[in-house]
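J.: Have a look at this one before I ask anything.
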There are 2 protein chains.
Amino acid sequence: MSLGEIETPTLLVDLDAFENNLKQMVTDTIGTNTSIRPHSKAHKCPVIALRQISLGAAGICCQTVGEAEVMVKSGVSDVLVTNEVVDERKLRRLTALGKDATIGVCVDHPTGVKSLDDAAVANGTQIDVLIEVNVGGDRCGVDVGDSLLSIADQITRSRHLRFRGLQAYQGKAQHLRQYQERKAAIEHSTRIARSAVELLARHGTPCEIVSGGGTGTYPFEVGSGLYNEVQPGSYIFMDGDYQLNCHKTGAAGGCFQQSLFVYTQVISLPRRGTAVVDAGLKAMAFDSGMPTISDMPSVHYRGPSDEHGILDTGYAACGLELGAKLKLIPGHCDPTANLYDHYVVIRGDRVEAAWPITARGY
Amino acid sequence: MSLGEIETPTLLVDLDAFENNLKQMVTDTIGTNTSIRPHSKAHKCPVIALRQISLGAAGICCQTVGEAEVMVKSGVSDVLVTNEVVDERKLRRLTALGKDATIGVCVDHPTGVKSLDDAAVANGTQIDVLIEVNVGGDRCGVDVGDSLLSIADQITRSRHLRFRGLQAYQGKAQHLRQYQERKAAIEHSTRIARSAVELLARHGTPCEIVSGGGTGTYPFEVGSGLYNEVQPGSYIFMDGDYQLNCHKTGAAGGCFQQSLFVYTQVISLPRRGTAVVDAGLKAMAFDSGMPTISDMPSVHYRGPSDEHGILDTGYAACGLELGAKLKLIPGHCDPTANLYDHYVVIRGDRVEAAWPITARGY
């Protein structure tokens with residue numbers, strides 16, 4: 001099948017760009033002491049997770065228990081849930097996965113540790129635990145101090161939990177525009193994480209793992225001398241927001257190509273200078289702004305409604321006849337992928353495969 | 001099952017409020033010459049469409065061919081696609097539905113009319129056609145003039161198309177905050193639609209149907225003396241944005257209750273005054289702003305990331321312990337419903353059913 005035969009709106013993955021991105025991340029960590037544990041929340045697709053593992057990833061990250069279940073069922077043998085799980089039913093499901101795979105999860109509260117241990121006991125499994133430390137993202141995570149020590153102590157005393165180290169991810173830093181801003185943010189995160197490691201070491205609790213870093217900052221974590229695992233997700237796809245980082249900063253985090261597109265069709269040409277396409281609020285995420293149109297920099301997307309977007313075409317009438325199909329670059333890849341049931345995978349203009357987004361909705 | 005046992009994030013429908021809303025819309029049109037053709041793009045759920053029809057809806061609206069297929073397969077016998085369809089494959093699928101149901105669709109371009117007729121000929125079906133007129137929404141639709149006449153003429157000359165009238169929907173007017181603004185916008189739309197009807201009548205092409213109106217404006221279309229079909233969708237659920245309309249304007253469009261909620265759980269209490277919940281960019285739409293927290297007006301949601309939202313709790317620590325579950329009111333209902341595979345339907349704190357969102361992703 002050729003690309004032009006595909007109905008819209010559809011989520012496309014350009015295989016050449018995607019494979020370039022997978023290899024680039026491997027290249028960027030070769031010869032370092034840092035493992036790649038890619039984040040599957042970006043793609044929710046076991047086909048992609050298994051490709052990442054085949055290229056040397058230590059395991060994968062998930063954000064939800066449902067994602068972890070899908071990944072383990074699909075043959076992924078090492079999953080870290082980079083999030084707090086506190087619901088009893090979810091904890092029972094998560095700890096049950098420990099029978100089939102190495103399962104890790106984050107904690108930041110003594111009640112959560114107790115519930116996790118209870119669930120692991122009930123399932124007769126051993127669960128790896130990272131304490132999430134607030135390294136500047138100001139979302140979840142404990143501060144470095146007594147509560148960190150008491151949670152670590154609680155974990156080491158739990159017979160079904162294994163203390164492995166720290167989750168020290170700085171989400172806010174990923175999208176800082178300037179190279180120097182991102183570098184400074186991760187230097188700050190590294191100082192906090194290091195002080196946590198040292199505090200725990202002084203109390204006889206060594207950290208085997210310090211994990212963090214995303215597509216926007218991983219070169220800094222890799223170079224920190226402290227982090228030994230990075231968790232990038234978006235690098236496989238890229239998006240409008242991450243492209244803004246790249247353009248202004250050069251190399252670091254900037255060698256990835258756009259591989260994810262929303263394929264859309266012109267369904268109306270109501271006025272001169274205006275085209276209406278069939279991709280709106282249900283076809284992509286808008287939290288990071290409007291999409292751009294691939295290969296048509298002078299055409300601007302605006303005014304999305306549920307199933308429509310308006311293109312200000314200016315003089316670019318060429319290629320925008322009724323029925324024309326275009327590739328949009330979404331502002332934010334993760335919540336865009338979450339809208340679809342599969343990726344249509346293309347090489348040039350040839351459709352090569354459909355990869356199910358199995359963990360969507362879990 | 002009780003509500004507290006439901007895992008998060010989940011989409012809830014409060015049945016009492018939902019049923020009130022269904023009845024309210026019927027009440028608001030009784031004794032008028034206006035039929036209700038509810039828009040299924042809001043819910044994408046055949047269970048709901050069939051309930052709307054059982055209460056007297058003339059048929060339903062869909063926005064995509066995939067939605068129409070799902071609805072016809074589920075037993076809906078009268079579907080209007082309130083959108084332009086120009087893709088040949090989609091037109092073949094749409095016109096094939098004419099074997100099992102009354103199918104209508106909108107057009108605004110001669111090329112689209114030709115493709116539609118070709119597809120209807122190939123399937124041996126008859127398709128109802130509304131010409132979409134731009135009544136101030138400035139999205140799709142022709143202006144009143146020669147192109148309107150020539151498209152109408154083209155339709156009446158097509159043996160497999162039946163000219164039925166006008167699609168005269170003003171999407172932008174739905175969310176104007178003030179009653180008077182919305183009233184003025186629909187008076188303007190009505191003038192344009194009336195001039196189209198009169199122009200066509202003078203040329204011997206009577207309009208049997210003038211369709212339009214949504215949750216924000218339907219009282220004006222109902223009272224216009226011109227529109228004889230309204231297309232409200234969101235009234236069944238309501239959302240944060242439509243609630244802003246209600247609060248400022250009193251009765252018109254303001255008698256609906258919030259029935260749609262995103263159920264979420266507190267997964268972290270990292271700092272005094274802050275709680276983190278598990279519903280973020282993948283759990284609801286943010287194009288119309290942040291969600292509010294049901295029954296907790298002093299607590300504010302901010303800073304959504306993919307799977308997290310941050311609550312500024314102020315002094316409202318009560319009810320926000322680790323693991324607590326809350327009901328969020330999303331800013332925009334349609335793209336929020338589009339994220340889920342089913343509604344969990346509750347009456348009070350009791351789970352009554354799960355309704356599949358069958359047309360999601362089509």
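J.: Tell me the mean residue ellipticity at 222 nm calculated for the protein assembly as shown from its helices only (DSSP H runs of n ≥ 4, each -39500 (n - 2.57), averaged over every residue, nearest 500).
T.: -9500 deg cm²/dmol
J.: Here is a follow-up. Using R₀ = 56 Å, calculate the FRET efficiency as 1/(1 + (r/R₀)^6) where r is the Cβ-Cβ separation of B:D118 and B:I30; round to 0.05. Numbers along the way, then the final one.
T.: Details: r = 42 Å, r/R0 = 0.74.
In this case the efficiency is close to 0.85.
J.: Once you have all Cα-Cα distances for the protein assembly as shown, histogram them in 20 Å bins from zero and send the whole-percent values.
T.: P(r) for the protein assembly as shown, in whole percents per bin: 17, 48, 29, 6, 0.
J.: Continuing with this model, one more query. Starting at the first residue of the stretch A:140-157, write each ³J(HN,Hα) from the Karplus equation 6.51 cos²θ - 1.76 cosθ + 1.60 with θ = phi - 60°, in whole Hz, x for Gly and Pro.
T.: Coupling constants for the stretch A:140-157: 7, x, 8, 7, 6, x, 4, 5, 4, 5, 6, 5, 4, 4, 4, 5, 5, 7 Hz.
J.: Amide H to amide H, which residues 5 or more places from A:I127 or on other chains are under 5 Å from it, using H placed in the peptide plane?
T.: A:L161, A:R162
J.: Straight distance only, please: which lysines reach the Cα of A:K172 with their own Cα at less than 16 Å, same-chain residues fewer than 8 apart left out?
T.: Candidates past the 8-residue exclusion: A:K183.
J.: For the stretch A:254-353, what is the relative contact order in percent, using Cα pairs closer than 8 Å and at least 6 residues apart in sequence? Intermediate results must be reported in sequence, preceding the final value.
T.: Numbers: 181 pairs, mean separation 33.0, N = 100.
Reported as a whole number, the value is 33 percent.
J.: Name the residue, out of B:Q167, B:Q178, B:Q63, whose mean-square fluctuation peaks in a Gaussian network model built on chain B with Cα pairs under 10 Å.
T.: Highest fluctuation of the listed residues: B:Q178.
J.: Okay, moving on. Can you put B:M238, A:M71 in order of Cβ neighbours within 10 angstrom, beginning with the fewest? Intermediate results must be reported in sequence, preceding the final value.
T.: Details: B:M238 25, A:M71 29.
Going from least to most buried by this count: B:M238, A:M71.
J.: May I pose another question? Could you put A:H300, A:H332 in order, starting from the residue whose Cβ has the fewest other Cβ atoms within 10 Å?
T.: On the way: A:H300 16, A:H332 22.
Sorted ascending by nearby Cβ count, the order is A:H300, A:H332.
J.: Give the Kirkwood hydrodynamic radius (Å, one decimal) of the stretch A:234-362, defined as one over the mean of 1/r across all pairs of different Cα atoms. If you can, show how the numbers build up before the last one.
T.: Working: mean 1/r = 0.0648 Å⁻¹.
Roughly 15.4 Å, rounded to one decimal.
J.: Additional query: Calculated FRET efficiency, A:K23 and A:E321, Cβ-Cβ r, R0 30 Å, to nearest 0.05? It would help to have the intermediate numbers written out before the result.
T.: Details: r = 38 Å, r/R0 = 1.26.
Approximately 0.20, to the nearest 0.05.
J.: Please list, in order along the stretch B:185-195, the HN-Hα scalar couplings obtained from phi with the Karplus expression 6.51 cos²θ - 1.76 cosθ + 1.60 (θ = phi - 60°), rounded to whole Hz, x for Gly and Pro.
T.: The phi angles translate into 4, 6, 4, 5, 4, 5, 4, 5, 4, 5, 5 Hz.
J.: Neighbour counts of other C-beta atoms within 10 Å: give me B:L269, A:L148 arranged from fewest to most. Before the final figure, lay out the partial values.
T.: On the way: B:L269 25, A:L148 22.
Lowest count first: A:L148, B:L269.
J.: Of B:G204, B:G309, B:G280, which has the largest mean-square fluctuation in a 10 Å C-alpha GNM of chain B?
T.: Between B:G204, B:G309, B:G280, it is B:G204 that shows the largest mean-square fluctuation.
J.: List the relative contact order of chain A as a percent without decimals, with contacts defined as Cα pairs under 8 Å and 6+ residues apart. Each step should come with its number before you reach the end.
T.: On the way: 823 pairs, mean separation 75.7, N = 362.
Reported as a whole number, the value is 21 percent.
J.: Could you tell me how many cubic angstrom of Cα convex hull volume the stretch A:1-154 has per residue?
T.: On the way: hull volume 24.2 nm³, N = 154.
Value for the stretch A:1-154: 157 Å³ per residue.
J.: Put the label 7 Å from Cα along Cα→Cβ for A:D16; what are its distances to the other copies, in nanometres, shortest first?
T.: Values, ascending and in nm: 6.1.
J.: Between 0 and 90 degrees, rounded to the nearest ten: what's the tilt of helix B:240-249 against the longest Cα principal axis of chain B?
T.: 80 degrees
J.: Oh, and also: Calculate log10 I(q)/I(0) of the stretch B:52-111 for q = 0.13, 0.15 Å⁻¹, where I(q) comes from the Debye formula with a single equal point scatterer on each Cα and nothing for solvent.
T.: These q points yield log10 I(q)/I(0) values of -0.31, -0.40.
J.: Given the options B:D100, B:D14, B:D78, which has the most mean-square fluctuation in a GNM of chain B, springs set between C-alpha atoms less than 10 angstrom apart?
T.: Sorting by GNM fluctuation, first place goes to B:D100.
J.: About the Cα centre, and with charges only on the beta carbon of Lys, Arg (+1) and Asp, Glu (-1), how big is the dipole of the stretch A:93-221? Nearest 20 debye, please.
T.: Values: 15 positive and 15 negative charges, 37 e Å.
In total the dipole reaches around 180 debye.
J.: Under a crude label model (7 Å from the Cα following the beta-carbon direction), how far is B:E88 from A:R347 in nanometres?
T.: Placing both labels 7 Å beyond Cα along the Cβ direction yields 2.7 nm.
J.: Name all residues of the stretch B:100-139 having a backbone nitrogen under 18 Å from the label point set 7 Å from the Cα of B:S77 along its Cα→Cβ direction, giving them as ranges.
T.: So the set is B:100-104, B:126-128.
J.: A:H39's amide H: which non-local residues (gap 5+, or another chain) put their own amide H closer than 5 Å, with H modeled 1.01 Å from N in plane and none for Pro or chain starts?
T.: Those lying under 5 Å, H to H, from A:H39 are A:C61, A:G233.
J.: Return the long-range amide H neighbours of B:A353 (sequence gap of 5 or more, or a different chain), with a cut-off of under 5 Å between placed amide H atoms.
T.: B:V345
J.: In Å, what Rg and Dmax follow from the Cα atoms of chain A?
T.: 21.8, 72
J.: On to the next question. Report the Cα centroid-to-centroid distance between the stretch A:74-137 and the stretch A:165-182 in angstrom, as an integer.
T.: The two parts, judged by their Cα centres, are 24 Å apart.
J.: Please turn the phi angles of the stretch A:96-110 into ³J(HN,Hα) values with the Karplus equation 6.51 cos²θ - 1.76 cosθ + 1.60 (θ = phi - 60°), one per residue in order, whole Hz, x for glycine and proline.
T.: 4, 5, x, 6, 10, 7, 7, 10, x, 8, 9, 9, 8, 8, x
Throughout, read-outs are computed from the coordinates displayed, never taken from laboratory work. Model, not experiment: these values are computed from the prediction. Reconstructed Cβ throughout: ideal geometry from the backbone, glycine too, with neighbour counts over all protein chains shown.
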